[in-house]
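Heads up, the thing below is written out as structure tokens.
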Amino acid sequence: LWQGRVGAHRISAQIRPMLNGLRIAWKGMSVTARAMLPRAAELERLMPEKLPPDTSKMLLCPMPGLVVSIAVAEGQEVKAGETLAVVEAMKMENVLRAERDLTIAKLNAKPGDSLAVDAVIMEFA
């Protein structure tokens, strides 16, 4: 927590360190302030933006847990709403269902596997 003056106003803002800068939150707004040497800033403008991976064709584990069952096989066509897998986390079974019609391309997990959050359970064609 930072307290100080901005102009004539006394404010309190939450400040969190992050890579190459700070995240500042105040009155529901959040901004990122970055600090770097002039040459680094110049070169950064030339770097391509790193895009997040496309996970639209994957079923990711929503939480750390144990795979109880896999209800599909590779090559199987599945309708929206059908059960794909069951993952147990914190002694509760979570049924993972298809969000749309799809075909199973590859199974990456099997019953009994212990998975981390965002681990790939299966891939879709």
Top-ranked residue of region 44-63 - restricted to ones that are exposed (fewer than 10 other Cβ atoms within 10 Å of the Cβ) and among the acidic types (Asp, Glu), ranked as farthest from ASP118 (Cα to Cα): GLU49
Contacts under 8 angstrom Cβ, first residue in region 97-116 being in the same structural domain as GLU74 (by TED's automatic domain parsing), partner of a type in the set (Phe, Trp, Tyr), 6 or more apart: LEU102/PHE124; THR103/PHE124; ILE104/PHE124; ALA105/PHE124
Set ALA33, ALA41: member being at pLDDT below 95, surrounded by 10 or more Cβ atoms within 10 Å (Cβ to Cβ), among the aliphatic types (A, V, I, L, M) and in a strand (DSSP E or B): ALA33
Any hit, region 86-95, residues being among the charged types (D, E, K, R), outside any strand (DSSP E or B) and surrounded by 14 or more Cβ atoms within 10 Å (Cβ to Cβ): no
Residues of region 96-108 classified as among the basic types (Lys, Arg), outside any strand (DSSP E or B) and closer than 18 Å to ASP118 by Cβ, total: 0
Filtered residues of region 47-61 (kept if at pLDDT below 95 and of a type outside the set (D, E, K, R)): MET47, PRO48, LEU51, PRO52, PRO53, THR55, SER56
Residue within region 96-114 that is of a type in the set (A, V, I, L, M, F, W, C) and exposed (fewer than 11 other Cβ atoms within 10 Å of the Cβ) present: no
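The values are calculated or read from the model by the stated rules, or taken from the named source; none is laboratory data. Predicted, not measured: the structure shown is a model, and the values here were computed from it. Using ideal geometry, Cβ is built from the backbone for each residue, glycine included, and neighbour counts are taken over all protein chains shown.
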